Amino acid sequence: RSDRKGHNDLYRKAVDSLSAEELVYADNLSKDPTSWSADGKLLLYHTGPTGSDSKTQQDLWALPLTPERPGTPLKPFLLLQTPFTERGAQISPDGRWIAYISNESQRPEVYVTPFPPLPSGPGGKRQISTAGAGDALRWRQDGKEIFYNSPDQRVMAAEVSIKSGTIEVGGVRPLFTVKDAFRSNNL
């Protein structure tokens, strides 16, 4: 992302740094990219509120990285828009679920919803965290756990499994405290 136009737009550049950067998507909203799909065809991002009169806070979007027709612009689609803040979306390794952080319970918590999100009913949204969530939300590579930082600086692991098209939450446990990990590595 770059704010060279006064708000964040989405750019990409090859890691070899030999090629020029490319503008991927620009509009009038500030965008923060959060996740690529495993196949590299979809980019998730969240946008900030659009002004003091905005009825929403941060909203979740998906940007297909191939145009609908050759030569046409990329066209993002809205994933989730509520009066609350939704941010940090991560697509599951199998591409069927999205984990994200929302403050709809009056504190940030981790939720998972099917991809694309369903309005309600079986297989709908599930809360994953149990005592608040911070940042650094990530899926385990095999999709069987979701990691996140808790408000008290612990890295948490929540076991998840898919049964009959719904996501089930198993145990949620702390792995380590972030400040202790930095101290033990002399950082």
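Please work out which one of (1) open to solvent by 20 Å² or more (accessible area, probe 1.4 Å); (2) modelled with pLDDT of 95 or more is the condition I91 fails and give its number.
(1)
Looking at this structure, is A62 touching a His at 6+ places or on another chain (Cβ under 8 Å), open to solvent by less than 20 Å² (accessible area, probe 1.4 Å) and either among the aliphatic types (A, V, I, L, M) or in a strand (DSSP E or B) (or both)? Give the steps one after another, and end with the answer.
Values: touching a His at 6+ places or on another chain (Cβ under 8 Å): no; open to solvent by less than 20 Å² (accessible area, probe 1.4 Å): yes; either among the aliphatic types (A, V, I, L, M) or in a strand (DSSP E or B) (or both): yes.
Criteria not met by A62.
Quick grid of which residues meet (1) of a type in the set (S, T, Y); (2) in contact (Cβ under 8 Å) with a residue 12 or more places away in the chain; (3) open to solvent by 20 Å² or more (accessible area, probe 1.4 Å); (4) more than 18 Å from D9 (Cα to Cα):
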residue: A26; (1), (2), (3), (4): no, yes, yes, no
residue: S37; (1), (2), (3), (4): yes, yes, no, yes
residue: T47; (1), (2), (3), (4): yes, yes, no, no
residue: P67; (1), (2), (3), (4): no, no, yes, no
residue: L78; (1), (2), (3), (4): no, yes, yes, no
residue: T82; (1), (2), (3), (4): yes, yes, yes, yes
residue: W97; (1), (2), (3), (4): no, yes, no, yes
residue: S105; (1), (2), (3), (4): yes, yes, yes, yes
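So how many residues does the range 137-181 have that are of a type in the set (G, A, S), open to solvent by 30 Å² or more (accessible area, probe 1.4 Å) and at pLDDT 90 or above?
Selection size over the range 137-181: 3.
The values are calculated or read from the model by the stated rules, or taken from the named source; none is laboratory data. All values derive from a computational prediction rather than experimental measurement. Don't worry about glycine lacking a Cβ; one is built from the backbone with ideal geometry, like all the others, and counts go over all protein chains shown. Note: accessible area is taken over every heavy atom of the protein model, side chains too, but ligands, DNA and RNA are not part of it. Shrake-Rupley method; radii C 1.70, N 1.55, O 1.52, S 1.80 Å.
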